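The structure appears right after this line, and notes come after that.
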Amino acid sequence: MITKKWDEILKDEYEQEYFVNMLKHLQVEYRDKIIFPPKKDVFKALRLTDYDNIKIVIIGQDPYHGTGEAEGLSFSVRDGIRKPPSLKNIFKELHDDLGYTEPESGSLVKWAQEGVLLLNAILTVEKDKPLSHKGLDWERFTDAVIKKINEKETPVVFVLWGAFARSKKVLITNPNHYIIESPHPSPFSARYGFFGSKPFSKANNFLISKKISPVNFKLD
């Protein structure tokens, strides 16, 4: 369903009653309503970042709910779509941290291909209705994904921006991993500790210290 490796790791989850029922419900949602991201991109984050290649995990809440925005990766928007304020603040911090200028595109596909798992806790949303799929059991599934990553012996950096992402900290118990926490990049909270937090250099310095090649965060 996703990739050979992920399917192997998540096989037991696929067989759970909640997961089967959720997919059936989503078939109806996609048929009767406007749901984002497109069906082919629901598992895009996992498809682009293989289990064995994960270096960093950035946890979001749910997809963008505007037309054409969501592409299946947390914080990322499709090419040609205006960048949302939180993403612009991420790029501002990227510039202040590593010196990279804001890219023309708001798509983070290159990060995903570099080993950054851009995982939303809820993988679908109804048009113009944020958190509309909160009760669909997506979080049960993505919590299982986080737990599986937690089991990895290879060190992984977990980036938790804001209260929602930080609530997932209880799932990260393996001392091999490294957690970076700060307020959310939203305009409402970025000035209270997101700006100046230097998550990109911190993540790469940790990876280098573990003899893992750093992530190339440059997008242009």
Candidates 115, 162, 196, ranked by Gaussian network fluctuation over the chain, Cα under 10 Å, top entry:
196
So, in nm, how far is label residue 148 from label residue 98 when the simple model puts each one 7 Å beyond its Cα toward the Cβ?
2.7 nm
Percent carbon-and-sulfur accessible area, the chain, ignoring ligands, DNA and RNA, probe 1.4 Å:
51 percent
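Within the chain, which is the longest segment that contains none of the trypsin sites (Lys or Arg not before Pro) sitting in a DSSP loop with at most 15 other Cβ atoms within 10 Å?
On the way: sites that count: 33, 82, 127, 152, 210, 211, 218.
For trypsin sites (Lys or Arg not before Pro) (loop position, at most 15 other Cβ atoms within 10 Å), the longest site-free span of the chain is 153-209.
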Charge tally in the Cβ shell below 10 Å around residue 47, where Lys, Arg are +1 and Asp, Glu are -1, residue 47 excluded:
0
Would you kindly derive the ³J(HN,Hα) couplings of segment 57-69 from the backbone phi angles with the Karplus curve 6.51 cos²θ - 1.76 cosθ + 1.60 (θ = phi - 60°), listing them in order in whole Hz, with x for Gly and Pro?
10, 10, 9, x, 9, 8, x, 4, 9, x, 4, x, 7
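What does the charge add up to near residue 95, with Lys and Arg as +1, Asp and Glu as -1, over the other residues with Cβ less than 12 Å from its Cβ? If you can, show how the numbers build up before the last one.
Values: positive: 88, 92, 198, 218; negative: 93, 96, 97, 102, 220.
Net local charge, residue 95 excluded: -1.
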Given segment 52-198, what percent of its DSSP beta bridges are antiparallel, to the nearest 5?
15 percent
Convex hull over the Cα atoms of segment 118-167, averaged projected area in nm²?
4.0 nm²
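To the nearest 0.05, how large is the calculated FRET efficiency for residue 52 and residue 12 if R₀ is 22 Å and r is the Cβ-Cβ distance? Numbers along the way, then the final one.
Details: r = 19 Å, r/R0 = 0.85.
In this case the efficiency is close to 0.70.
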Grab the other residues whose beta carbon is less than 14 angstrom from that of residue 105, score K and R as +1, D and E as -1, and report the net.
0
Exposed loop GluC sites (Glu not before Pro) only (DSSP loop, at most 15 other Cβ atoms within 10 Å): please give the longest stretch of the chain free of them, not including the sites.
16-103
Calculated from backbone phi, Karplus (6.51, -1.76, 1.60) coupling profile of segment 142-157 in Hz, x at Gly/Pro
6, 4, 5, 4, 4, 4, 5, 5, 4, 6, 4, 7, 5, x, 10, 9
Give me the 1.4 Å probe accessible area per residue for the chain, excluding ligands and nucleic acids, in Å².
48 Å²
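The values are calculated or read from the model by the stated rules, or taken from the named source; none is laboratory data. Small disclaimer: the values here were computed from a predicted structure and weren't measured. Every residue, glycine among them, receives a Cβ derived from its backbone with ideal geometry; neighbour counts consider all protein chains shown. Accessible surface areas use protein heavy atoms only, side chains included; no ligands, DNA or RNA. Shrake-Rupley method; radii C 1.70, N 1.55, O 1.52, S 1.80 Å.
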